[in-house]
Amino acid sequence: MLRANFPIYKLFMPNASSLQLRDYQQQAVDAVLTHFRRHQSSAVIVLPTGAGKSIVIAELARVARGKVLVLTHVKELVEQNAAKVELLDDDLSIYAAGLKQKMVHGKTVVASIQSAARNLAVFNDAFSLVIIDECHRVGDDEQSQYQTLLGELQRHNPNIRVLGLTATPYRLDSGYIYKRHYHGKVGSENGVFEDCIFELPLRYLVKKGYLTPPKTFDGLSAQYDFEQLSRPTQGDYSATEVDALIHHQGRATTAIIEQLIQLSQHRQGVIIFAASVRHAAEIMQLLQNASAELITADTPATKRELAIAEFRAKRIKFMVNVAVLTTGFDAPHVDLIAILRPTASAGLYQQMAGRGLRLAPNKQDCLIIDYAANGFDLFAPEIPQAKPASNAVAVQVPCPECGFANTFWGKVDNDGDIIEHFGRRCQGLVGQSAVQCQFRFRAKICPDCGAENDIAARNCNSCQSMMVDPDKRLKEVLSSRHHHLFRVDTMLLTAQDGALRVEYIDVEGNQFSETFRLQTAAQRRALYAAFLKQHDCRPGLKLAQYKTADDVIADANRFKQPDLLLLQRKAKRGWQLIDKFFDYQGRYQIGANFRD
């Protein structure tokens, strides 16, 4: 049995496995062995849904010396992981009330977190390794089940190694679940795990034929309009608000289900993700002449298991569910996923879409139709934010200070060259202490100390002063008769007597302009500070050395127009520019315009 002072290099055994792992599964195992032989810090490996995490878990449990505890949150995953572990080592115990088994004598114990956390005294052996499946569910709340159990395990063995596996390494409340990534990029300072040590892209699995090719579409015949929903700063969208909006869009639901019925004629199995129980009931009403079943959190276990069994046997075509079939569910024949609910979580989106990517006979592809226009990219999990534009793609943007190749949302032309990117801060780690690079592609300047902050910051990271909310500031200044707002509809660049003229036109045809001369070095520096840097669509990528107004005009596509201009009337000088607002989303976005 492993003791607290067990040498790190003896944590794993070298003998060969009787099961042939795929290349990437072996690479993941090797990454874990290398990390834990050198470090005691907690680690995460990221494998997409369908990559075979259970095989990786089983191999790690086999080679580990001492006792191993495998944790997860649903009994289906307990069963799945236990079955794979047993293929390699029959010294196995299962501890899960839902499976009516509570044994801990085996070298490897596969347990549900709920059962384990309620019986801490049973887990009094010095486990050498704890593996947490679906580890994105682990939060930093010390009173949570995971943290309570981990604390107890560490009390019996302070040198215990903690490994997490997930397909979606981020949480809505705290961002990435790790602090550092082995590619040299930052995670989240609040990450529960220290290091991400291996990550496999979904595109690799599809290209190699390990997963079914997904075909993703936004709503084809109809789509829900969720633009009225306020994007949450923490957590997902309000279920009450979502339900109310859907309730008033019954016509869209009817059109969507009619289309799904038509598409299902050439599909083997359909999973529909509904937004609420009421929404699901409406969908079932529309599917009354089709073969369909409904599962919610309130569905009795026996009925749920029967419905899933019938669906897996293909005796049911449609499986409608409300936040149930996202993890621990496996029906390989599913080849149509319909997402009828909004979510702010890239992880949840990927979990839903991933239900249809497993291989199955006579399955060529999987249709994934997002009727809620969530805007996530299934192939870009490294950017856990919704696309800022429908035509945005993942682009690489090198940092001009540290050289790190950042991955941001952006827009490209037909040649693949970047037209615009939406990056904020460099994600690279620099120095021996591996701290985040300080370069910001876009920044909000603190009015008190001049420090650069994230454009969404509420407090200055330097002097801690409150950053003024743009709507609050606009409300204050617009109460004065000398300030007005100009809503930009068009921006034109022209040359006038050798100078660059930037002309803004609002929705009513009013005009406001700026003029920049470029004859001297000082004038060109002023142009850079007052226009080029602010308007740059590709911040961080090198700008040309503009010598004339015509040089700037020739590169006009490089510069984006602001949404709003804040103007102030000054005696004898007329309207003067006070501030520009880019990427603005607030109460003054609509209806604000220039007034005399």
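The values are calculated or read from the model by the stated rules, or taken from the named source; none is laboratory data. For clarity, every value in this text was computed on a predicted model and none was experimentally measured. A quick note on method: Cβ atoms are made from the backbone with ideal geometry, for glycine too, and the neighbour counts reach across all protein chains shown. Heads up: the accessible areas ignore ligands, DNA and RNA and are worked out on the full protein's heavy atoms, side chains in. Shrake-Rupley method; radii C 1.70, N 1.55, O 1.52, S 1.80 Å.
I'd like to compare 485-494, 163-172: which one has the highest average count of other Cβ atoms within 10 Å, and what's the full order after that? Spell out each step's value before the answer.
Values: 485-494: 17.1, 163-172: 24.1.
The densest-packed peptide leads the list: 163-172, 485-494.
Can you work out the base-10 log of I(q)/I(0) for the chain at q = 0.10 1/Å, using the Debye formula on its C-alpha atoms alone? Computed log10 I(q)/I(0) values: -1.00. Could you please state, rounded to a whole Å, how far the C-alpha centre of the range 312-328 is from the C-alpha centre of the range 334-358? Result: 12 Å between the Cα centres. Between residue 299 and residue 576, the FRET efficiency estimated from the beta carbon spacing at R0 = 60 angstrom works out to 0.40.
Taking the Cα atoms of the range 285-330, the ratio Rg/Rh between the radius of gyration and the Kirkwood radius comes to 0.94. Proximity of backbone amide H atoms, modeled 1.01 Å from N, is registered between residue 579 and 566 at under 5 Å, excluding neighbours fewer than 5 places apart on the same chain. Axis angle, to the nearest 10 degrees, between helix 277-286 and the longest C-alpha principal axis of the chain: 80 degrees.
Only Cα pairs under 8 Å and 6+ residues apart enter the sum, and on that basis the relative contact order of the chain stands at 9 percent. The range 141-186 and the range 556-583 have Cα centres lying 47 Å from one another.
If packing is taken as the average count of other Cβ atoms within 10 Å, what order do 258-265, 521-528 fall into, highest mean first?
Ranked by mean Cβ neighbours within 10 Å, highest first: 258-265, 521-528.
Taking amide hydrogens as placed 1.01 Å from N in the peptide plane, the amide H of residue 454 sits under 5 Å from those of 444, each at least 5 positions away in sequence or on another chain.
Suppose all protein chains stay in the model; what accessible area per residue would a 1.4 Å probe give for the chain, in Å²? Intermediate results must be reported in sequence, preceding the final value.
Numbers: 28570 Å² over 596 residues.
Computed with neighbouring chains in place, this is 48 Å² per residue.
Across all directions of projection, what mean area in square nanometres is found for the Cα convex hull of the range 42-141?
Averaging across all directions leaves 6.3 nm² for the Cα convex hull.
Remark: the range 352-443 is approximated by an ellipsoid whose semi-axes, taken from the C-alpha gyration tensor as √(5λ), come to 31, 17, 12 Å, largest first.
Rounded to the nearest 500, what is the 222 nm mean residue ellipticity of the chain from helices alone, with -39500 (n - 2.57) per DSSP H run of 4+ residues and division by all residues? Write down the numbers at each step before the final one.
On the way: 14 runs with 141 residues, N = 596.
Helix-only estimate at 222 nm: -7000 deg cm²/dmol.
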